[in-house]
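Enquirer: One structure, as structure tokens, below. Some questions next.
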Amino acid sequence: IEGGVAGGRKLGGVLIETLAAGERRLAVVGIGLNVAPLPEPLPRELQQRLGCLRELDPQTSAPATLARVALPLVQALKTFEREGFAAFAERYAALDLLLGAEVATTDARTPRGIVRGVDARGALRVETAGGVQLIGSGEVSVRPAEARHALHA
């Protein structure tokens, strides 16, 4: 949650897997949210990188969180199925926390770079020494501040 109680720490993640089914393309979407802090003390490095929903709402629970996000998620997926990324582009751009961030990727052409938003189809635009590359699939990780400084030294 950037700038919020969690101070830029990771609150959750999204995993989307796609596969061809005849002429259709299907997707499985998984969302993981950290509802509560882990019960045992964590190494300091992990504590500084992980946030949880209870920092924002101390009374929340996993079932309450599911009840809150399930219907809007299904509605958003149906909108995406009908209209594609265009239906989300403006709102995404306004909330893009990766814009300007240094990232590491699993794309061999773009192992690291600076995020410059997304294109009209939702592909991540990553600026490298060789220009802006588009990443449509793979893993993207935000580099911790220490790693960013080391890259520029």
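Read-outs: derived from the displayed coordinates by stated rules, not from any lab. Bear in mind the structure is a predicted one, so any value in this text is a computation, not a measurement. Please note: Cβ atoms are built from the backbone with ideal geometry, for glycine as well, and neighbour counts cover all protein chains shown.
Enquirer: Computed from these coordinates, which is volume of the Cα convex hull per residue in Å³: [x] 113; [y] 154; [z] 163?
Expert: Matching entry in [x] 113; [y] 154; [z] 163: [y].
Enquirer: Looking at segment 44-153, which trypsin sites (Lys or Arg not before Pro) are in a loop (DSSP not H, G, I, E or B) and have at most 12 other Cβ atoms within 10 Å?
Expert: Arg109, Arg121
Enquirer: Let me ask something else. Using Cα-Cα distances under 8 Å and only pairs 6 or more residues apart, what relative contact order does the chain have, in percent?
Expert: Computed over the chain, the figure is 14 percent.
Enquirer: Given charges of +1 on the Cβ of Lys and Arg and -1 on the Cβ of Asp and Glu, with all other atoms neutral, how large is the dipole of segment 56-132 about its Cα centre, in debye to the nearest 20?
Expert: Roughly 120 debye, rounded to the nearest 20.
Enquirer: Quick one: if the Förster radius is 25 Å, what FRET efficiency do Leu38 and Ala70 give, using the C-beta to C-beta distance and rounding to 0.05?
Expert: 0.55
Enquirer: May I ask what percent, to the nearest 5, of DSSP beta bridges between residues of the chain are antiparallel?
Expert: Antiparallel bridges make up about 95 percent of those DSSP assigns within the chain.
Enquirer: Moving on to the next point. Rounded to the nearest 500, what is the 222 nm mean residue ellipticity of the chain from helices alone, with -39500 (n - 2.57) per DSSP H run of 4+ residues and division by all residues?
Expert: Result for the chain, helices only: -8000 deg cm²/dmol.
Enquirer: Counting Lys +1, Arg +1, Asp -1, Glu -1, what net charge surrounds Gly131 among other residues with beta carbon under 15 Å of its beta carbon?
Expert: Net charge around Gly131: +1.
Enquirer: What FRET efficiency comes out for Asp96 versus Glu23 if R0 is 30 angstrom and r is the Cβ-Cβ distance? Round to the nearest 0.05.
Expert: 0.40
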